[in-house]
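Working notes, structure below.
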Amino acid sequence: MKKSILITLLIFLSRLVFATEGMWLPLLLQQLNEGEMQSMGMKMTAEDIYSVNKGSLKDAIVHFGGFCTAEVVSAQGLLLTNHHCGDEFIQSHSTLDKNYYADGFWAASKSEELPNPGLFATFIVRIEDVTSQVLENVTEEMHPKERQAWVTKNTERIKAEAQREEYQDVMIRPFFEGNQYFLFITETYRDVRLVAAPPAAIGKFGADTDNWVWPRHTGDFSVFRIYAGPDNKPAEYSPDNQPLQPRHFLPVSLDGVEDDDFTLVFGFPGRTEEYLPSPAIELRADVLNPIRIGIRDRTLEVLNEAMRNDPEIRLQYVSKQSRIANSWKKWIGESQGIHKTDGIAKRKEYEAEFRKRVGENPEWKSEYGDILDSFEKLYAAQEPYAKAREYIGEIAGRNIELFRYVNTLHSVIKIYDASGPASLESRMGRIRDYVEGFFKDYQPGVDRKVFASLMEVYFNELAPEYQSKFAIEQFVAANKDYGTLAELIYGKTRLIRPDVMRQAMDAGPDALARAIKEDYAYVFVRSIAEVNESEALTEYNRLEEEINLLQRRYMKAQMEVFPERRFYPDANGTLRVTYGKVAGYTPRDAVRYETHTYLEGVMEKYVPGDYEFDVPEKLRRLFESKDYGPYGENGKMPVCFIGTNHTTGGNSGSPAVDAYGNLVGLNFDRVWEGTMSDINYDASICRNIMVDIRYVLFIIDKLGGAAHLVEEMKMVHPKDKN
């Protein structure tokens, strides 16, 4: 049955229609995409992109820290990724006196490159289709738990039997909602050092205002290097490690790109849900996103004011604020984009055609006729629980730092209660590191203001049946004043006092567990979490399980009922290829966006002293003198460009390569109007944003004075071939 699905895919994907939607498995490019890609201007073969027999593009692509993508650009393991992917590590090496985040960092030699504990880079060695092996003994009639038991058993056997080197890992991931499975052999390097980063005024230029927005003028890049053991294999950090000698690295094009040029983005997209039914899209766009946005509006108001007024807070909170603001603005654009493109109405038209075809086929009607009606009932039943989950998740899980901290400490208590004090002995070092790390970048005064603002949402917008009785009692005791409640909680808790926590940790597991359990803030936070778990999450998860099972059936049904449609697997953190062209777009009536931005645009946005739009003096001088070196184009300095590549979170830092496989840019964002591409791709307005590699080189060389890094790369002029 699974082989027949793949054969069907091969048939209708061979219809060469120039589409740019899709995140494709590199293993299958030769069968599914090569002809189309070459018709669009690609000069490579599928073997040049993915090969297990020779060095290929995939051997230059790494999963950076498990959350971004990076690419190898030299024979000495030099990595390029986004500034926002590396900012956590840049910030960790920074102090007010030696502020690499604000001022930039340029290692003059390898001895000055900075190690980053916990950072890793993972290569994909090979990919295999293991669908038939994973689904061995699995039948359609099985109970879901029995099916999962077989899948788990088969998966563990396949992983144990997989051919790999001792230093390699193996993972198996489901695709098409569990209708297909692929195995990945990986190599992970854990000595990754910071090499260079531009000042934040370049790497984060535009900050929140320009985030998800075109035109964009951000030099969103940072530079790292992979180190390996003396045998060139993965090794833990050691000063004796040597720069990695990669199987392949990307040459760098100095020719840039023009409108209609072919582009390919190679990376590790995180998560998409392209095949959801219309009730799911409506719930997200019209119910859940507004909840998330409203809560983060309040959080960002507090953080932004504090960061503008205090340089120390700005440094401490830059990564936290970016994390919160990034999703906030994405959700705004997602909901607006869905409505602008009539995404829900179009999905309902698609579902009407699905109903029609299913109704005309007795076999399909018997097997699939109930799916869409069942979705409507399940999502309607889940909505109140989903709303409560979102309110409490945003308030207690993501925005108030004290709550996040307590939730982590609760995991310590669970281990202690389950296995006794001895179970914490071996973990005390990690616990201490976590607590000290929390205090390093924590401002109780800022967090207290966020708490006061979000408690207003908790008591006024969350349905009463999901509110904690204990929390209500404390609110009443505070005369129903949110500021007073904040003073009460933050004044009485001892968990945010470094001296108290250090003393408790020094005294051992029993003392630490007692200090946590008896703390007022711990009791308050847990009371909110426990009501959520008992009153909302249990029923939400039960319904979600039914929805997921139905979604697997729906995925299978769509692939059978629409044999003429192109299907690709949703992103799930695995290596993917997306391809398209350099192209502008029209976001609204009478407005047309071009494909490139230039340094002139940076200067037009320049606001002296503003943390979003300030420009370093040296960059201003370089602009005035037009000292662009070999990186300029017709007397101008290109900064960013856009294309039709289908990207998402996780693609940050992904290389944008040209028709020949040369690096032309780094993917770092999407346009605001097209952020709904995670659930509803529309080619008319979905565009990815890339920083032009020539701007990266210009900043490294002319501003950073790190010409040795440019010299380490291989520069090419591919358009001389034309």
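The values are calculated or read from the model by the stated rules, or taken from the named source; none is laboratory data. Because the structure is predicted, anything quoted here is derived from the model rather than measured. Heads up, the Cβs are rebuilt from the backbone with ideal geometry, glycines too, and the neighbour counts pull from every protein chain shown.
Residues in the stretch 311-347 that are among the hydroxyl-bearing types (Ser, Thr, Tyr) and within 30 Å of Tyr554 (Cβ to Cβ) were compared, and the one that is surrounded by the most Cβ atoms within 10 Å (Cβ to Cβ) is Ser335. Checked against the criterion of being without any contact (Cβ under 8 Å) to a residue 40 or more places away in the chain, over 22 Å from Leu549 (Cα atoms), of a type outside the set (Phe, Trp, Tyr) and in the same structural domain as Arg588 (by TED's automatic domain parsing), the candidates Gly229, Gly219, Gly203 yield just one match: Gly229. Every condition in (1) in contact (Cβ under 8 Å) with a residue 60 or more places away in the chain; (2) surrounded by 15 or more Cβ atoms within 10 Å (Cβ to Cβ) is met by Ala478 except one, and the failing one is (1). When restricted to residues that are of a type in the set (Phe, Trp, Tyr) and either at pLDDT below 95 or surrounded by fewer than 23 Cβ atoms within 10 Å (Cβ to Cβ) (or both), the stretch 190-213 contains 1.
Would you mind stating whether Leu409 is surrounded by 17 or more Cβ atoms within 10 Å (Cβ to Cβ), in a helix (DSSP H, G or I), at pLDDT below 95 and more than 22 Å from the chain's Cα centre (by Cα)? No, not satisfied.
Listed here are the strands (runs of 3 or more DSSP E) enclosed by the stretch 578-690 that have at least 3 residues being at pLDDT 95 or above: 596-598, 638-643, 655-657, 663-670. Total residues in the stretch 481-493 satisfying the condition of being part of a helix (DSSP H, G or I) and either closer than 17 Å to Glu518 by Cβ or touching a residue at least 60 places away in the same chain (Cβ under 8 Å) (or both): the figure is 5. In this structure, does Ile547 turn out to be closer than 20 Å to Arg271 by Cβ, of a type in the set (Val, Ile, Thr), surrounded by 16 or more Cβ atoms within 10 Å (Cβ to Cβ) and in contact (Cβ under 8 Å) with a residue 24 or more places away in the chain? Considered against the rule, which asks whether it is closer than 20 Å to Arg271 by Cβ, of a type in the set (Val, Ile, Thr), surrounded by 16 or more Cβ atoms within 10 Å (Cβ to Cβ) and in contact (Cβ under 8 Å) with a residue 24 or more places away in the chain, Ile547 comes out as yes.
Of all the residues that make up the stretch 117-133, how many are on the phi < 0 side of the Ramachandran plot and either β-branched (Val, Ile, Thr) or in contact with a Gly (Cβ under 9 Å, 6 or more places away or on another chain) (or both)? Full working, then the answer.
Residues of the stretch 117-133 that are on the phi < 0 side of the Ramachandran plot, as a first pass: 117, 119-133.
Going one step further and asking which of them are either β-branched (Val, Ile, Thr) or in contact with a Gly (Cβ under 9 Å, 6 or more places away or on another chain) (or both), we end up with 119-122, 124-125, 127, 130-131.
Selection size over the stretch 117-133: 9.
Scanning the stretch 451-473 for residues that are crowded, with 17+ Cβ neighbours inside 10 Å and assigned to a helix (DSSP H, G or I) yields Phe451, Ala452, Ser453, Leu454, Met455, Val457, Tyr458, Tyr466, Ala471. For Glu564, the conditions (1) under 30 Å from the mean Cα position of the chain (by Cα); (2) outside the structural domain of Ile371 (by TED's automatic domain parsing) are fulfilled apart from (1). Restricting attention to the stretch 698-722 and to residues that are touching a strand residue (DSSP E or B) at 6+ places or on another chain (Cβ under 7 Å) and in a helix (DSSP H, G or I), the residue that is surrounded by the most Cβ atoms within 10 Å (Cβ to Cβ) turns out to be Ile700.
Restricting attention to the stretch 102-117, the residues being in a helix (DSSP H, G or I) and either charged (D, E, K, R) or more than 12 Å from Val318 (Cβ to Cβ) (or both) number 4.
For the stretch 132-151, the count of residues that are farther than 27 Å from Tyr554 by Cβ and not polar (S, T, N, Q) is zero. Criterion applied to Leu264, Leu250 was being buried (at least 21 other Cβ atoms within 10 Å of the Cβ) and in a loop (DSSP other than H, G, I, E, B), and the one residue passing it is Leu250.
Tell me, please, whether a residue that is on the phi > 0 side of the Ramachandran plot and either in a loop (DSSP other than H, G, I, E, B) or more than 23 Å from the chain's Cα centre (by Cα) (or both) can be found in the stretch 79-101. Looking for residues that are on the phi > 0 side of the Ramachandran plot and either in a loop (DSSP other than H, G, I, E, B) or more than 23 Å from the chain's Cα centre (by Cα) (or both), one finds none in the stretch 79-101, hence no.
Under the condition of being under 21 Å from Glu401 (Cα atoms) and among the polar types (S, T, N, Q), which residue from the stretch 478-519 is farthest from the chain's Cα centre (by Cα)? That would be Thr484.
For Tyr181, the conditions (1) in the same structural domain as Gly705 (by TED's automatic domain parsing); (2) in contact with a strand residue (DSSP E or B) (Cβ under 6 Å, 6 or more places away or on another chain); (3) more than 20 Å from Ala656 (Cα to Cα); (4) crowded, with 20+ Cβ neighbours inside 10 Å are fulfilled apart from (1). Number of residues in the stretch 440-450 that are modelled with pLDDT of 95 or more and part of a helix (DSSP H, G or I) equals 7.
Got a number for residues in the stretch 587-597 being in contact with a Lys or Arg (Cβ under 7 Å, 6 or more places away or on another chain) and without any contact (Cβ under 8 Å) to a residue 24 or more places away in the chain? Let's see the steps before the verdict.
Initial filter on the stretch 587-597 (in contact with a Lys or Arg (Cβ under 7 Å, 6 or more places away or on another chain)): 597.
Okay, now just the ones that are also without any contact (Cβ under 8 Å) to a residue 24 or more places away in the chain, so none.
Adding up the residues that qualify gives 0.
Which members of the stretch 139-158 meet the condition of being part of a helix (DSSP H, G or I) and over 24 Å from Pro569 (Cα atoms)?
Applying the first criterion (part of a helix (DSSP H, G or I)) to the stretch 139-158 yields 144-158.
Hits for the stretch 139-158 are Glu146, Arg157.
Condition (residue is among the charged types (D, E, K, R), farther than 30 Å from Glu617 by Cβ, not assigned by TED's automatic domain parsing to the domain that holds Tyr554 and not in a helix (DSSP H, G or I)) applied to the stretch 129-138: is it met by at least one residue?
The answer is yes, given that some residue of the stretch 129-138 is among the charged types (D, E, K, R), farther than 30 Å from Glu617 by Cβ, not assigned by TED's automatic domain parsing to the domain that holds Tyr554 and not in a helix (DSSP H, G or I).
Please go through the stretch 506-522 and pick out each residue that is touching a residue at least 24 places away in the same chain (Cβ under 8 Å) and either over 19 Å from Ala418 (Cα atoms) or not assigned by TED's automatic domain parsing to the domain that holds Ser453 (or both).
From the stretch 506-522, those touching a residue at least 24 places away in the same chain (Cβ under 8 Å) are 508-510, 512-513, 516-517, 519-522; that's our starting set.
Result: Asp519, Tyr520, Ala521.
Looking only at residues of the stretch 618-668 that are out of contact with any helix residue (DSSP H, G or I) (no Cβ under 9 Å at 6 or more places or on another chain) and of a type in the set (Val, Ile, Thr), we find that the one that is surrounded by the most Cβ atoms within 10 Å (Cβ to Cβ) is Ile642.
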